[in-house]
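We did not get these values from a lab; they are worked out from the coordinates using the rules stated. Predicted model, so just to flag it, every value in this text is computed and none were measured. Neighbour counts are summed over all protein chains in view; Cβ atoms, including those assigned to glycine, are modelled from backbone coordinates with ideal geometry.
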Amino acid sequence: MKKRIAIFASGSGSNAQKILEFFKKHPEAEVALILSNNPEAYVLQRADNFEVPSHIFDKQEFYKSDEIVSLLKNLQIDLIVLAGFLWLIPENLISAFPNRIINIHPALLPKYGGKGMYGDKVHKAVLNAGEEESGITIHYVNEHFDEGEMIHQSRFKIEKGDDLEMIKFKGQQLEHLHYPKVVEQILKKIKNKN
Ligand code: GAR
C-alpha cells in the first residue's frame with residue numbers, strides 16, 4: 001500500500017500544489033487528504049483540481065474533540081504535512097502522530113519564528129533587521145510554534161535593493177523545490193522502519 005500524506009493549509013497552498021504535483025504519479029506515496037481551517041482557502045480548489053478529498057474544520061472540532069485524529073487514523077495517514085497552516089497543533093494530534101508531523105517555515109529558525117510569525121510578517125522582520133541572508137526551515141512539529149527538531153534548511157542571499165516581494169519570491173522558490181523532496185525522504189525512512 002502507498003504511504004499516505006495529509007496536508008494542512010490555511011491559505012493559498014502553493015506548497016500544497018507542489019506536493020500534489022510531485023506525488024500525483026508517485027509509485028510509493030500519495031496525498032490522501034487536504035485539511036483546512038479556512039473555508040475560503042484556495043488550497044481547497046487545488047485539492048479539487050487533483051481530485052483529492054478535503055476536510056474543513058473549526059476551532060471546536062480541532063481543539064475540543066478527537067474527530068480530526070479519528071479521521072486521520074481511519075484514512076491510515078502516515079505523515080501530516082503543514083503547508084502554511086496557521087493554528088497551533090493540539091496535544092492529542094501530536095501524541096497520535098509522534099514524529100509524523102512536519103512544518104515549513106519561511107526563515108532560518110530559530111530566528112524569526114514563534115507565535116504570530118508567518119508569511120509576510122516573517123519576511124518583513126528579516127528585512128527590517130538588515131539580514132544578509134534568509135532561507136527556509138523544515139522541522140518536526142511539537143506543541144510550540146516553530147520549535148520541533150530541524151530536518152532541513154536552505155538559504156539565499158539578500159542582495160542590496162531586495163524588497164519584500166523579492167525575498168518572498170526567493171524563499172518560495174526554495175520551499176517549492178525542497179518540501180516535496182523532504183516529504184519523500186521522510187516517507188522512505190518511515191517505510192524502512194516498518
Ligand atoms: C509558506 O511560505 C510557509 O513557509 C509559510 O506560509 C507560506 C504558505 O504559502 N508558513 C509559515 O509562515 C508558518 N509559520 P502557501 O500557502 O503558498 O504554501
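Summary table
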{"read-out": "Residue 45 paired with residue 144, simple spin-label distance in nm, labels 7 Å along Cα-to-beta-carbon", "value": "3.8"}
{"read-out": "Quotient of Cα Rg and 2.2 N^0.38 Å for the range 73-116, N being how many residues it contains", "value": "1.30"}
{"read-out": "Overall Cα dimensions of the range 34-73 - principal axes, largest extent first, Å", "value": "30, 22, 6"}
{"read-out": "Of every Cα-Cα pair in the range 1-76, the percent that sits beyond 21 Å", "value": "26"}
{"read-out": "Potential extension, residue 151-residue 14 segment - 0.36 nm per residue separation minus Cα distance", "value": "47.3 nm"}
{"read-out": "Principal axis box of the range 141-187, alpha-carbon based, largest edge first, Å", "value": "38, 25, 14"}
{"read-out": "Values of log10 I(q)/I(0), in the order q = 0.15, 0.16, 0.22 Å⁻¹, for the range 91-179 under a Debye, Cα-only, solvent-free model", "value": "-0.54, -0.61, -1.02"}
{"read-out": "R0 of 41 Å, Cβ-Cβ distance residue 173-residue 65: FRET efficiency to nearest 0.05", "value": "0.60"}
{"read-out": "Fully extended contour minus Cα-Cα distance, from residue 24 to residue 1, at 0.36 nm per residue", "value": "6.8 nm"}
{"read-out": "Rh (Kirkwood; distinct C-alpha pairs) - the chain, Å", "value": "17.0"}
